[in-house]
Amino acid sequence: MKIPNGARYNYVAFRSSEFITEENILYFPVSPYEIIERHRWALTTYSALAQQMDCTIDDISEAFQTDEAYTIFNGNNYTIAYNDTKYVDRIWFTLMHEIGHIYLNHFKDFEKTIIRRIGMSKKEYKVLENEANAFARNVLSPAPVVEQLEEKSTDKLCTYFHLSKDAAKTRLDFLHSDVYWNNYTNVTFKIL
C-alpha cells in the first residue's frame with residue numbers, strides 16, 4: 001500500500017478510540033510500559049544498546065536516524081528501543097508514539113517502513129510521524145477528557161496525563177480538531 005499524501009486524522013482518531021476501548025483504559029495517566037509489556041513487545045534502551053555494541057548513545061541515535069526511539073518489526077513481533085537519557089515525560093510520549101506506529105499498522109501496511117525510513121521521502125516520513133503523534137496525544141490525553149476539565153492549563157495537563165510541557169501545549173493547540181474527530185460514547189474516564 002502507498003503511504004498517503006497527508007495524515008489521516010479521522011483514521012487516527014478512530015484507531016486511538018478503538019485502542020482505548022480494547023486496552024480497557026479508564027484511568028489516567030496511561031503507562032506505555034504496561035501496554036508494551038501486555039503485548040509482549042521487546043523493549044530496550046539506547047544505553048543498553050550502546051553498552052552492548054561498545055559505542056555511544058549518539059552512535060545509536062545516528063545509526064537509527066533518531067535520538068528519540070525506533071521500532072523494528074521482524075514479521076512476527078516488534079522491538080522498541082528508546083533513548084533513556086531523555087526526561088521521563090518525554091519518554092512516555094515517545095513510547096506511545098511508537099505504539100501508535102504499531103497500532104496504526106504502519107509496519108504492515110507500508111512496505112517502505114520495514115527497514116527504518118531509508119526508502120521514504122521526507123513528506124512520507126512526516127505523514128506517518130504526524131499520525132503517530134496524533135495517536136499518542138489522543139491516547140495519553142484524549143480530547144473529550146481534556147475538554148471536560150475545569151482547568152485546561154499546560155501545568156494541569158502535565159500533572160494529570162504525565163505529559164511534557166511541549167506535549168501539553170500541543171494537546172491544547174489541537175484540542176478542538178481532535179474533539180471533532182474523536183467519538184467516545186458511554187465511557188467514563190478517571191484521572192488518578
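Quick rundown of the values:
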| item | result |
| --- | --- |
| Matching residues in the range 23-61 - criterion: being modelled with pLDDT under 95, out of contact with any helix residue (DSSP H, G or I) (no Cβ under 9 Å at 6 or more places or on another chain) and not hydroxyl-bearing (S, T, Y) | N24 |
| Every residue from the range 18-37 that is without any contact (Cβ under 8 Å) to a residue 24 or more places away in the chain and either buried (at least 19 other Cβ atoms within 10 Å of the Cβ) or in a loop (DSSP other than H, G, I, E, B) (or both) | E23, N24 |
| Out of R40, R15, R8, sole residue that is open to solvent by 30 Å² or more (accessible area, probe 1.4 Å) and farther than 22 Å from A134 by Cα | R40 |
| Count - residues of the range 43-65 that are open to solvent by less than 40 Å² (accessible area, probe 1.4 Å) and either among the basic types (K, R) or assigned to a loop (DSSP other than H, G, I, E, B) (or both) | 0 |
| Residues (under 14 Å from the mean Cα position of the chain (by Cα), closer than 30 Å to K156 by Cβ and of a type in the set (V, I, T)) located in the range 44-87 | I80 |
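The values are calculated or read from the model by the stated rules, or taken from the named source; none is laboratory data. What you see is a predicted model; the values in this text were computed from it and never measured. Cβ sites come from the backbone with ideal geometry, for glycine too, and all protein chains shown count toward neighbours. We work out accessible area using only protein heavy atoms, side chains counted, and drop any ligands, DNA or RNA first. Shrake-Rupley method; radii C 1.70, N 1.55, O 1.52, S 1.80 Å.
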